[in-house]
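Just so it is clear, none of the values below were taken in a lab; they were calculated from the coordinates. This structure is a prediction, so every number in the text was calculated from the model and none was measured. Virtual Cβ from ideal backbone geometry, glycine too; neighbours counted across all protein chains shown.
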Amino acid sequence: MNVVEHGFEPPTARLAEDTPRGRLVLAGNPNVGKSVFFHALTGMYVDVSNYPGTTVDVSTGQHDGMLVSDTPGVYGVGSYNDEETVARDIILTADVILNVVSASTLERDLFLTQQLLDMRKPMVVALNQCDEARTQGIAIDHQLLSGRLGVPVIPCVATAGIGIPEVLAALKQPHPGHRMPMLLDRLSELGKTGASEAEALLLLEDDPVLKARLGYRGVSEREAIYAQRRAFVDELVQATVQGLDTPPRLSLKLGAALLNPWWGTLVAFAILALMYAVIGDGVAQRLVELTEERLMQAYYEPFVRRVVEGWVPSATLQLVLVGEFGLLTMTVTYILGLMLPLVVAFYAFMAMLEDTGYLPRLAVLVDRGLSRLGLNGRAVIPLILGFGCVTMATITTRLLGTQREKTIATAILGLTVPCSAQLGVILGLLGRTGNWQSWAIYIGTMGAVLVLIGTVLNRLLPGQSSALLIDLPPLRLPQWRNVVRKTWNKSVGFLAEATPLFMIASLLVSLLQLSGWLNVLMKGLAPLVVGVLHLPEAAATAFLMGMIRRDFGAAGMTDLAMTPAQVVISLVVITLFVPCIATVVVLYKERGVKEASTLWLGSWVLAFSIGGLLAALMVP
Amino acid sequence: MSRLSAAKPGERVRITDISHSDVRLQLMRWGLMTGSWVTCQAVLPGGPVVVRRHHQEIALGRDLAERIEVELL
């Protein structure tokens, strides 16, 4: 076929060329360096994470005529949670599997390896992180291991590129390997029902989703198979691995210190302080002032306004596009000038913390406190992210184990956690009151409301929250390439998801403004603000602006003449009051109409009753 | 015979029973099952228990630790 001569490609020939020769699937436990292999195979970027739940998005690419799929990091193939369901479905379609295991946690990782072998998938095992294992005093006889498993086992240090060419070569000749002997009879029996060998194993292991899908009603042998596999793997490790009994002193001591209530808390506060200095002050204040005010509002907005006013005759359309809440003005400035720097900074910080293995230890430290609020330690991640952007944090609540935990975390975020846009104005206003009581009352009130919401919801909501059950990865230094890649993927992912929502939100506000409802609302709110909260009438405008962007609300307060008591009351109200309109749109998407509406209405009640209470106590 | 939640940091204990079936299966994947020896690595007051077997550290919430029976060395 000569494409140039004919001027076009015959469609059939192109199809034949592009048809993948099969499907190559990467599988492995969380945090074993799978993404580096995916990158080496496909040249594409992929997300990696310590924390199960953050990689449910699946990346695919091409290698050597094969379709390459990544899977979320899992400890076994099953239906234990969302990631496993995703991983299981992809693994079932695999023609070849590249199983990445960590040399330093082989006992854990080989369980999945043996399960994949029991599924009868042709496979290559990449024995990664060999350098880390060596410094821990672990020595692995990889040739013996390869012989016992019946598949190629290739030692690698993927981050340094060591072993990757050998893995690519081995992938040309993958082997099906050895199954556990006990399974042979049972599986061939099941094979007669028409299920594939891989499906047959999962049916024996009582996978509920697959049983329903294939209409299988046999008895579960999961417990027996798991126990035998564990014993089988332990015996394998005994035979091929040396130096397991001497764990490294330094990293263990450091790890133990992080779990100590005193030292651990001290470190946590130090990290929070650093985070505030870098993100809260450096990025949210200084950098955003540059990007939002000096770049977007000074250059971009006047330019786009001139263009639209010159080309679009309709005044209504002009208002929607470039008005106060315009799609091309406020929305674009908001996303590029404010959200982008903040989101990148927050994700970079979290990526670094994730890479070091610190976050799971922080989760252990705060587990007791959070469990009283119906959450477990893992919820610390969305809660921290909330101080950056509540919208971003609300999306992250997906990683929590049960619906009730997602509900509780979302409520705490939406009602009590001030995002960084708002935090800057709040801190500035509290500082201006010039007395420590204002700080104490504000922080005390918000803390009390947070605890109240968690405790009440924990009592009221049916069911039970999941308990903490996590493995703690070894402490290590962050890999910069990893951090950059993760930050890039997460930031792009968030902006892609949130941008249309911001657009919808600003459109809604413009419609409210056009129809005159914004004014009606402000007039209606004024008596409540003056009568119940004892605040100046103009504060009503600030509160309503806060519905659109929370910092608009807080910023509106700056110009009002208020006593220190009034400042505290208005800040409490503005924090508790309805989340910004972008968060509300995410709320509806993530939690559904009923829950989102309840939360929205609840925030009105909460803001005005707590604010009213404070006013009655503080303003004579 | 006692509960894992009553273990003290540094103690070596042997797991004798894990009553929660999902937890039992998840722990088997990580390498812990009835009969396994573990070292208690940390106990947060009123909070999770962290155990270690070889190079693997696992954190269990207080409720789970209370449902795991162990015996002391």
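By how many nm would the segment from A:Leu274 to A:Leu319 grow when fully extended, if each residue of separation counts as 0.36 nm and the alpha-carbon distance is taken off? Mind showing how you got there, number by number?
Working: separation 45, 0.36 × 45 = 16.20 nm, distance 4.18 nm.
Extra length from A:Leu274 to A:Leu319 when fully extended: 12.0 nm.
Close amide H pairs (under 5 Å, H built 1.01 Å from N) link A:Ile470 with B:Ala59, residues at least 5 positions away or on another chain. Rounded if a/c is under 1.5, else prolate if a/b is larger than b/c, else oblate: which is segment A:428-478, with a ≥ b ≥ c the root eigenvalues of its Cα gyration tensor? The shape class here is oblate. Compared with the dominant Cα axis of chain A, that is its longest principal axis, helix A:301-311 is turned about 80°. Between segment A:488-534 and segment B:28-73, the C-alpha centres lie 49 angstrom from each other.
Evaluate the relative contact order of segment A:17-242 (contact order divided by residue number), counting alpha-carbon pairs under 8 angstrom at least 6 apart; express in whole percent. Don't jump to the answer; show the numbers that get you there.
Working: 409 pairs, mean separation 42.1, N = 226.
Answer for segment A:17-242 is 19 percent.
The mean number of partner chain beta-carbon atoms within 10 angstrom of a residue's beta-carbon across peptide B:41-51 is 6.
Exposure proxy ranking for A:Asp281, B:Asp63, based on other Cβ atoms within 10 angstrom of each Cβ and starting from the fewest, stands as A:Asp281, B:Asp63. For segment A:211-228 and segment A:121-173, compute the distance between their C-alpha centroids and round to whole Å. When both Cα centres are located, 31 Å separates them.
Length gain on complete extension for the stretch A:Arg217 to A:Asp234, per 0.36 nm per residue less the alpha carbon to alpha carbon distance?
Values: separation 17, 0.36 × 17 = 6.12 nm, distance 3.14 nm.
Gain on extension, A:Arg217 to A:Asp234, equals 3.0 nm.
Which shape class applies to segment A:476-566: rounded if a/c is under 1.5, otherwise prolate when a/b exceeds b/c and oblate if not, where a ≥ b ≥ c are the square roots of the Cα gyration tensor eigenvalues? In terms of gyration-tensor shape, oblate. Over the residues of the protein assembly as shown, the helix contribution to mean residue ellipticity at 222 nm works out to -17500 deg cm²/dmol, using -39500 (n - 2.57) for each DSSP H run of at least 4. With angles folded into 0 to 90 degrees, how steeply does helix A:358-371 sit against the dominant principal axis of chain A? Use alpha carbons for both and round to 10. With both axes taken from Cα atoms, the answer is about 60 degrees.
Summarising the amide proton neighbourhood of B:Asp17: residues at separation of 5 or more, or on other chains, whose placed amide H is nearer than 5 Å comprise B:Glu69. Calculated from the alpha-carbon coordinates, chain A shows an Rg and a Dmax of 28.1, 90 Å respectively.
For segment B:2-13, 3J(HN,Hα) computed residue by residue from phi via the Karplus equation (6.51, -1.76, 1.60; θ = phi - 60°) reads 8, 8, 4, 5, 8, 5, 10, x, x, 6, 9, 10 Hz, glycine and proline entered as x. Backbone phi angles across segment B:30-40, fed through the Karplus curve with coefficients 6.51, -1.76 and 1.60 (θ = phi - 60°), yield HN-Hα couplings of 7, x, 10, 8, 3, x, 6, 8, 9, 9, 6 Hz in residue order; Gly and Pro are listed as x. Here A:Gln173 and A:Arg372 are evaluated by their C-beta separation; at R0 = 51 Å the FRET efficiency comes out at 0.35. Computed on the Cα trace of segment A:289-355, the radius of gyration divided by the Kirkwood hydrodynamic radius gives Rg/Rh = 1.18. Counting Cβ atoms of other protein chains within 10 Å of each residue's Cβ and taking the mean over peptide A:463-471 gives 6. Helix A:480-515 and the longest principal axis of the Cα set of chain A meet at an angle near 40°. Here is the P(r) of segment A:469-620: all C-alpha pair distances, binned every 5 Å from 0, give 2, 9, 14, 17, 15, 12, 9, 8, 6, 5, 3, 1 in whole percents. Per residue, the Cα convex hull of segment A:263-618 amounts to 142 Å³.
Peptides A:257-263, A:310-316, A:347-353 ranked from most to least packed, by the mean per-residue count of other Cβ atoms within 10 Å: A:347-353, A:257-263, A:310-316.
Return the Rg/Rh value of segment B:2-72, two decimal places, where both radii are evaluated on C-alpha atoms and Rh is the Kirkwood radius. Walk me through the numbers before you get to the answer.
On the way: Rg = 10.4 Å, Rh = 11.6 Å.
Here the Rg-to-Rh quotient is 0.90.
Is the shape of segment A:154-251 best called rounded, prolate or oblate, per the rule: a/c under 1.5 gives rounded, else a/b larger than b/c gives prolate, else oblate, with a ≥ b ≥ c the square roots of the Cα gyration tensor eigenvalues? It comes out prolate by the Cα gyration axes.
Size estimate for segment A:17-242 follows the Kirkwood approach: the inverse of mean 1/r over distinct Cα pairs works out to 17.7 Å. Across segment A:230-306, the convex hull enclosing all Cα atoms gives 223 Å³ per residue. Across segment A:292-299, computed HN-Hα scalar couplings (Karplus, 6.51 cos²θ - 1.76 cosθ + 1.60, θ = phi - 60°) run 7, 7, 7, 9, 5, 6, 8, 10 Hz from first to last residue, x flagging Gly and Pro.
Across segment A:256-369, counting alpha-carbon atoms alone, Rg and Dmax equal 21.0, 68 Å. Averaged over the residues of A:216-226, the number of partner chain Cβ atoms lying within 10 Å of the residue Cβ comes to 1. Distances between placed amide hydrogens fall under 5 Å for A:Val25 paired with A:Ser69, A:Asp95, A:Val96, A:Ile97, A:Leu98, all partners being 5 or more residues away or on another chain. The value of relative contact order for chain A, using C-alpha pairs under 8 Å at least six residues apart, is 11 percent.
Stretched out straight at 0.36 nm per residue, the stretch from A:Arg21 to A:Leu475 would grow longer than its current Cα-Cα span by 159.5 nm.
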